[in-house]
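Undergrad: This is the structure I have questions about; it appears just below.
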Amino acid sequence: MTQANSARAATTQDIAALLDRAFTQADYAINITDKQGKLVKVNQAYLDLYKFANEADVLGKTQRVIRSPHTPDAVYKEMWSTILAGDIWRGNLSNIATDGSEVYVHLTITPVREGNEIIGYMGFSLDRAQQVLLEKELFHANKLVVLATMGAGLAHELNNPLASILLDAEYLKDIFLAPDQPIDWASARQASNSVIQGVERMKKVLEHLLLYSRKEAAQRFSTLTMSQLIEDSFLFLERQLRSRSIAIQVDIDPDIYVSGNRTQLESVVHNLLSNSRDAFEGRKGEKKIRIRVFKERPGLVTMEYTDNAGGIPKPILDRIFEPFFTTKKEKEGTGLGLAISRKIVAEHGGAIHCESKGDTTTFSITLPALEGPAPDPGLLED
């Protein structure tokens, strides 16, 4: 071997060693899989992030070993569709470490090719723990702001049943004070039923208030019916809207299910309702909010939220989802409601769009529908 060839060989070896050290010592979690999705290489940051003792614990396995049930199947489905097409996928999701703790990452998956053939995939994960903590604080703060604006509505929700309960209880008390008088049993039964219904209504409102105002430790998903979700979203605001002569029309196809976090999705509807309520302030003429929920196509739920509260000018429409952007007076709005709503919808595998023409504004929210068993997330979807 000539001296020049030896130098080139040494250089090649040096570069290979440098690349190996860069991979091993990188501060971000990196994993490499074969085309079947089985792990063939991970770096120390990956082991540290998911609390594995050594590389042997994961090699030859798929990333189902860190899969979290809190990441929607729709995210996995889109991920696989993208990388199988040979494109790079980027997104936020949560995984589970070996000690059971939730790990939030921004993941980039890049197909690795030999010629035109995909021979594997490389995953590059950024730890989002601090970002997620901040997002939770902002989300909770926004919920408290929304609750603060519902004060009058909540008072009505409790005062009206209380007034009815008081009248019915006094009527039943009068019956017992005059035991020698004939009893109208039909009226007595109606009064007792009214007391029970009033108490159940108050109990539902208070339970929902406690659930909604709770600070969530993690993003818990469950199966939800859209009809119940929308109905519960009106618990705090319906009387407040109707007292302002705002007509409410709800049209929901039956048996539409989604997987999601109840309080987060309700928060999206609360933000829209609160914005409509404020936009209607001082306006004359007909005031209307309409909510339609339907399946536009298999696997996809669409919620159309429309009001005629005056519309949104184009320069403002382009900015409504920006954090801290608001047209309300100081101390009347945080500018976080729609920004947080868009993030919530995205984390549920959906999208939110807004159109405004004349006095009418429509928000369209799409979410993955649940139809039968959840799809197999595949090999790399955790």
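Undergrad: Could you please report the charge total around G120, scoring K, R as +1 and D, E as -1 over all other residues with beta-carbon less than 13 angstrom from its beta-carbon?
TA: On the way: positive: K35, K38, K41, R113; negative: D34, E114, E117.
Result for the local shell: +1.
Undergrad: Using 0.36 nm per residue of separation minus the Cα-Cα distance, give me the extension gain between E117 and S243 in nm, one decimal.
TA: Separation in residues times 0.36 nm, less the Cα-Cα distance, equals 38.9 nm.
Undergrad: In this model, which of K288/K343; K35/K295; K284/K343 are farther than 29 Å apart at the alpha-carbon?
TA: On the way: K288/K343 27 Å; K35/K295 35 Å; K284/K343 34 Å.
Checking Cα-Cα distances, K35/K295; K284/K343 exceed 29 Å.
Undergrad: Per 0.36 nm of contour for each residue apart, how much would the distance between W185 and Y257 grow if the chain were fully extended, relative to their Cα-Cα spacing?
TA: Values: separation 72, 0.36 × 72 = 25.92 nm, distance 4.29 nm.
Fully extending the segment from W185 to Y257 adds 21.6 nm.
Undergrad: For the residue pair Q36 and A22, what label-to-label distance in nm results when each label sits 7 Å from Cα along the Cα-to-beta-carbon direction?
TA: 3.1 nm
Undergrad: Here's something else I'd like to know. Check V112: other-chain or 5+ apart residues with amide H under 5 Å from its amide H, H built from backbone geometry?
TA: I119, G120, Y121, M122
Undergrad: May I pose another question? Taking the Cα-to-Cβ direction at L300 and at L134 and moving 7 Å from each Cα, how far apart do the two end points lie in nm?
TA: In this crude label model, L300 to L134 measures out at 3.3 nm.
Undergrad: Working out 0.36 nm times the residue gap between T362 and A56, then minus their Cα-Cα distance, what length gain in nm do you get to one decimal? Let's see the in-between values first.
TA: On the way: separation 306, 0.36 × 306 = 110.16 nm, distance 5.33 nm.
So the extension gain works out to 104.8 nm.
Undergrad: Please list 3J(HN,Hα) in residue order for segment 300-308, calculated via the Karplus relation 6.51 cos²θ - 1.76 cosθ + 1.60 where θ = phi - 60°; whole Hz, with x for glycine and proline.
TA: 9, 9, 10, 10, 9, 10, 10, 9, 10
Undergrad: On to the next question. For E102 paired with H353, estimate the spin-label separation in nm (one decimal), with each label point 7 Å from Cα along the Cα-to-Cβ line.
TA: Here the modelled spin labels are 3.0 nm apart.
Computed from the coordinates by the stated procedures, all read-outs in this text should not be read as laboratory data. In this text the structure is predicted, and so the values were computed from the model without any measurement. Neighbour counts are summed over all protein chains in view; Cβ atoms, including those assigned to glycine, are modelled from backbone coordinates with ideal geometry.
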